[in-house]
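First the structure, in the form of structure tokens, and then the observations on it.
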Amino acid sequence: MLNGVVFSRTTYAIHHQNLGQSQFSSSSLKTAQLPTKHRRYATRIKATQSSDAHSHDGETSGLADISWENLGFNPVTTDFMYVMKFSGDGEFFSGGLQRFGNIELNPASCVLNYGQGIIEGMKAHKKHDNSILLFRPEENGLRMKIGADRMCMPAPTIEQFVEAVKITVLANRRWVPPPHKGFLHIRPLLMGTGPVLSLTPAPEFTFLIFVTPVGNYFEGGLKQINLVVKEEIHRAVPGGVGSVKAIGNYAMVLKALIEAKADGFSEVLYLDSVYNKYLEEVSTANIFVVKDRIISTPVLGGTILPGITRKSIIEIARSQGFQVEERLVSVEELLDADEVFYTGNAICLLPVGSITYMGRRVLYGETSEVSQQLYSALSNLQMGLTEDQMGWTVVLE
């Protein structure tokens with residue numbers, strides 16, 4: 001099993017010649033297998049560390065020379081990125097580390113012209129013993145695989161995905177912030193980089209992972225966020241790709257987000273596009289409503305991203321005795337909720353201080369007891385401050 005595995009920094013080269021014996025054989029993962037027409041695309045990998053990476057092994061030790069106290073949420077140039085190509089003969093090949101830098105794209109590439117691409121978001125925390133923790137990386141690999149099928153793209157297997165993440169993080173370990181100073185943001189990309197003219201899947205694809213250190217979202221504990229409900233702009237529609245981390249899902253909400261911030265709000269909460277009354281998502285996060293210690297969140301139905309932080313919060317809440325309901329949640333339920341919070345990879349969990357809907361501002365209490373309890377449980381687990389009884393973390397040494 002990947003959960004709880006210890007992975008050495010020296011294990012850069014991987015050779016998977018027989019990935020038919022997958023470590024992920026549970027029924028839940030079997031249901032996510034690609035259709036036969038795409039399955040041949042993700043059958044074999046031979047990934048090795050590049051010679052350039054070997055010549056700079058010393059850079060992976062110690063800490064980077066940056067101010068850990070002043071990290072923000074902007075990209076920082078790190079040492080290495082992981083790149084793997086998909087060729088026309090039906091398999092990924094030559095995956096490995098490269099110096100972080102610009103990539104070349106044909107102006108006719110499918111990702112530029114038709115948006116054939118998906119992303120993932122993960123993070124790594126450093127513990128006081130200098131080991132590094134990943135959080136449920138196999139879940140991100142599974143979500144990329146499912147999303148790739150929807151977008152007519154080949155995808156790395158879950159094993160390939162997780163190994164590539166490990167290699168990339170270990171090669172950039174000096175960029176992982178010290179404990180409590182932030183985390184290493186991990187960004188896997190899957191892009192249709194081959195050239196096309198008509199609307200058709202790309203003939204070539206690139207799987208890429210880069211990392212960047214980021215600071216804590218808030219210093220000194222949780223701070224409440226102010227949301228506004230947008231009725232005239234929708235994030236997703238039934239039958240679309242709202243449940244996929246498709247790159248186009250994010251650019252389309254920029255206008256609403258910029259307008260909201262100009263009006264003094266932190267984020268936007270979107271409603272369903274059919275009835276315009278049921279909660280869906282915040283721009284990059286899942287929403288939760290608390291009433292009488294019952295936690296409700298919009299049910300997944302094709303327009304809502306199946307967030308891994310969302311899934312983890314639901315499982316933690318149920319393990320702590322909370323009743324959690326995944327169902328249609330109407331916007332009117334915000335008016336008398338005890339608490340509202342939202343979850344995502346970078347933010348973990350943020351409590352909502354107010355929501356403005358149709359000109360009416362609803363204020364919530366400053367204590368956010370349930371939000372704080374769940375945030376502490378999840379963040380402490382991700383940072384290795386509490387014992388991982390869920391089997392979710394992967395240790396890199």
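Worth a mention:
- Check on VAL211, farther than 24 Å from MET81 by Cα and in a strand (DSSP E or B): no
- The stretch 112-142 - residue that is part of a loop (DSSP other than H, G, I, E, B) and within 18 Å of CYS348 (Cα to Cα) and, of those, most open to solvent (accessible area, probe 1.4 Å): LYS127
- Checking every residue in the stretch 172-187 against the condition of being surrounded by fewer than 22 Cβ atoms within 10 Å (Cβ to Cβ), of a type outside the set (D, E, K, R), touching a Gly at 6+ places or on another chain (Cβ under 6 Å) and more than 24 Å from GLU138 (Cβ to Cβ) gives zero matches.
- Residues of the stretch 200-216 that are surrounded by fewer than 17 Cβ atoms within 10 Å (Cβ to Cβ) and over 25 Å from GLU91 (Cβ atoms): ASN216 alone.
- Residues satisfying the criterion are present in the stretch 139-148 (criterion: of a type outside the set (A, V, I, L, M), in contact with a strand residue (DSSP E or B) (Cβ under 8 Å, 6 or more places away or on another chain), over 22 Å from PRO203 (Cα atoms) and modelled with pLDDT of 95 or more).
- Considering the stretch 234-264, and only residues there that are buried (at least 20 other Cβ atoms within 10 Å of the Cβ) and not aliphatic (A, V, I, L, M), the residue that is farthest from MET153 (Cα to Cα) turns out to be HIS234.
- Among the residues of the stretch 49-101, those identified as open to solvent by 40 Å² or more (accessible area, probe 1.4 Å), over 22 Å from the mean Cα position of the chain (by Cα) and at pLDDT 75 or above are GLY62, LEU63, ASP65, ILE66, SER67, GLU69, ASN70, GLN98, ARG99.
- Residues of the stretch 374-397 that turn out to be more than 16 Å from GLY344 (Cα to Cα) and open to solvent by less than 70 Å² (accessible area, probe 1.4 Å), as a count: 9
- Residue, most open to solvent (accessible area, probe 1.4 Å), within the stretch 271-288, restricted to residues that are without any contact (Cβ under 8 Å) to a residue 60 or more places away in the chain and of a type in the set (Val, Ile, Thr): VAL274
- Subset of the stretch 188-199 that is surrounded by 24 or more Cβ atoms within 10 Å (Cβ to Cβ) and of a type in the set (A, V, I, L, M, F, W, C) - its residue that is farthest from ASN216 (Cα to Cα): MET191
- Filter result for VAL229 (under 30 Å from LEU63 (Cα atoms), at pLDDT 95 or above and either open to solvent by less than 60 Å² (accessible area, probe 1.4 Å) or not in a loop (DSSP other than H, G, I, E, B) (or both)): no
- Within the stretch 296-320, no residue that is without any contact (Cβ under 8 Å) to a residue 24 or more places away in the chain sits with its Cβ atom under 6 Å from a residue that is assigned to a strand (DSSP E or B) and aromatic (Phe, Trp, Tyr) at 6+ positions apart or across chains.
- Flag if VAL268 is open to solvent by less than 20 Å² (accessible area, probe 1.4 Å), farther than 19 Å from ALA346 by Cβ and out of contact with any Phe, Trp or Tyr (no Cβ under 6 Å at 6 or more places or on another chain): no
- Of all residues in the stretch 143-158, those being in a helix (DSSP H, G or I) and within 17 Å of the chain's Cα centre (by Cα) number 7.
The values are calculated or read from the model by the stated rules, or taken from the named source; none is laboratory data. Given the structure is predicted, the values throughout are model-derived calculations rather than measurements. Every residue, glycine among them, receives a Cβ derived from its backbone with ideal geometry; neighbour counts consider all protein chains shown. Please note that ligands, DNA and RNA were not included when accessible areas were found on the heavy atoms of the full protein model with its side chains. Shrake-Rupley method; radii C 1.70, N 1.55, O 1.52, S 1.80 Å.
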